[in-house]
Structures are given as C-alpha cells and as structure tokens.
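*Asks:* Would you mind keeping the following structure in view while I ask a few things?
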C-alpha cells in the first residue's frame, strides 16, 4: 500500500454543541452529538477509504458519519462518546496502511478575513448555503480557509471553545475547508480567529 497518501488525520477530542449540531445536519450515517470524540481521515487515492472504513468498523466501536469519494480524495468521519473507540479506529487504519501521524499533511491556512458590519444583502446570500445559525445584518463575520479541507473541523471546534460566536456554516470536504463564524462583538471574532489559527498551526505533519 505504498501508493497511499495520508492527507488528513484530524482528531476532535470534544465536539462543542454548535459544531456537533451543524455536523449532524450533513452526516448521512450515525448522528454525532456534543461531547463526542471525532476523527476525520482523508486519503489518496480516494477509493482506498472503503477498505479503511471497513477495518476501522471491524476493530473498534466507533460509528461512521460519512464516506465521501471525490475525483482525487476519499474521506471518512468516525465518532464515539468514548475517545478510546475513535483512537482505536485510527490505529487500525494506520496499521493497515503502515503509516503514522508523521505522514499526514501539515495543514496550512489559505486565507483568513473578517467582514465587519455585514450588509443585509451579503448576509442573505451566505444564509442560502448555511448549515448552522443565521447570519444577521450588522454582525461581524470570520471566514477561514485551510488545506487539506478536513482540518477546518478542528479550527471550528476550537473557535467555539474559546469565543462567544455563532457557527453559520463550515465545509470539511474538497480541496479547501471553509468556516463562517459570526458575532455581535468584534472582540469575540478576534478571539475566535486567534484560537482557530493557533489550532491549525499546532498540528504536526509533513509538508505537501
């Protein structure tokens, strides 16, 4: 299995309420709840995820939220109320592929921007594609993009831990992961931004 590339190994140890609720609106498998531990794994080639999910489910009690195979990448999500279940699922996958955490791609921040005092028209456009809270006119909006995509899950969860924000939406699938967070107080957006940046920068791995 030398041809396999571990793009993402993203562990969320304690899913925050908004993050868990938003994730639960898009997963097609077992629903996830606040307080659960979660693991995203993304591989190249994409079709390898079928075998990887199989070994994870047969060797742990973690439950799958989704399995996605795109043109280039394959991604799976697993979760459990017990972090040991998720860790065992991850170990089973790494053992099968003969890879380690050192082989995963270190995430990079592609862009970060803050839109202050959001215009009503822009708020409505963003709300049409949201999976979380409504973005209201006059709120401040934080948008972040990371690569590989699934690492945005860690950024969202850490931002919610540290700041009083609303999770408008996030997308952990594709080339880039994006998150949209809002707040009435610009200082909370700044705190969320810092927490998200620190979380991404702290993740180890190899450069792609």
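*Asks:* Could you check, for the stretch 159-175, whether at least one of its residues is under 24 Å from residue 77 (Cα atoms), surrounded by 24 or more Cβ atoms within 10 Å (Cβ to Cβ), out of contact with any helix residue (DSSP H, G or I) (no Cβ under 6 Å at 6 or more places or on another chain) and not assigned by TED's automatic domain parsing to the domain that holds residue 34?
*Replies:* Yes, the stretch 159-175 contains at least one residue that is under 24 Å from residue 77 (Cα atoms), surrounded by 24 or more Cβ atoms within 10 Å (Cβ to Cβ), out of contact with any helix residue (DSSP H, G or I) (no Cβ under 6 Å at 6 or more places or on another chain) and not assigned by TED's automatic domain parsing to the domain that holds residue 34.
*Asks:* Hey, another quick one. Among the residues of the stretch 130-166, count how many are assigned to a loop (DSSP other than H, G, I, E, B) and closer than 23 Å to residue 8 by Cβ. So that I can check it myself, show each step before the final result.
*Replies:* Our first condition is that a residue be assigned to a loop (DSSP other than H, G, I, E, B); within the stretch 130-166, this holds for 130-139, 148, 163-165.
Now restrict to residues that are closer than 23 Å to residue 8 by Cβ: 131-132, 148.
The number of residues fulfilling the criteria is 3.
*Asks:* Looking at (1) touching a helix residue (DSSP H, G or I) at 6+ places or on another chain (Cβ under 9 Å); (2) under 16 Å from residue 109 (Cα atoms); (3) crowded, with 19+ Cβ neighbours inside 10 Å, can you tell me which one residue 150 breaks?
*Replies:* Of (1) touching a helix residue (DSSP H, G or I) at 6+ places or on another chain (Cβ under 9 Å); (2) under 16 Å from residue 109 (Cα atoms); (3) crowded, with 19+ Cβ neighbours inside 10 Å, only one is false for residue 150: (1).
*Asks:* Is one or more of the residues making up the stretch 185-198 outside any helix (DSSP H, G or I) and surrounded by fewer than 18 Cβ atoms within 10 Å (Cβ to Cβ)?
*Replies:* Yes, the stretch 185-198 contains a residue that is outside any helix (DSSP H, G or I) and surrounded by fewer than 18 Cβ atoms within 10 Å (Cβ to Cβ).
*Asks:* Could you tell me how many of the residues in the stretch 16-31 are surrounded by 24 or more Cβ atoms within 10 Å (Cβ to Cβ) and either modelled with pLDDT of 95 or more or farther than 21 Å from residue 174 by Cα (or both)?
*Replies:* In the first step, residues of the stretch 16-31 are kept if they are surrounded by 24 or more Cβ atoms within 10 Å (Cβ to Cβ); the result is 19, 23.
If we keep only those that are either modelled with pLDDT of 95 or more or farther than 21 Å from residue 174 by Cα (or both) too, we end up with 19.
Residues in the stretch 16-31 being surrounded by 24 or more Cβ atoms within 10 Å (Cβ to Cβ) and either modelled with pLDDT of 95 or more or farther than 21 Å from residue 174 by Cα (or both): 1 in total.
*Asks:* Give the stretch 66-85 a look and list any residue that's crowded, with 21+ Cβ neighbours inside 10 Å and either under 17 Å from residue 32 (Cα atoms) or at pLDDT 95 or above (or both), or say none. Before the answer, list the steps.
*Replies:* Taking the stretch 66-85 first, the residues crowded, with 21+ Cβ neighbours inside 10 Å are 73-80.
Residues satisfying the conditions are 75, 76, 77, 78, 79, 80.
*Asks:* Of all residues in the stretch 119-143 being within 19 Å of the chain's Cα centre (by Cα) and closer than 17 Å to residue 23 by Cα, which is surrounded by the most Cβ atoms within 10 Å (Cβ to Cβ)?
*Replies:* Checking each candidate, the answer is 132.
The values are calculated or read from the model by the stated rules, or taken from the named source; none is laboratory data. Bear in mind the structure is a predicted one, so any value in this text is a computation, not a measurement. Glycine gets a Cβ as well: all are built from the backbone with ideal geometry, and neighbour counts include every protein chain shown.
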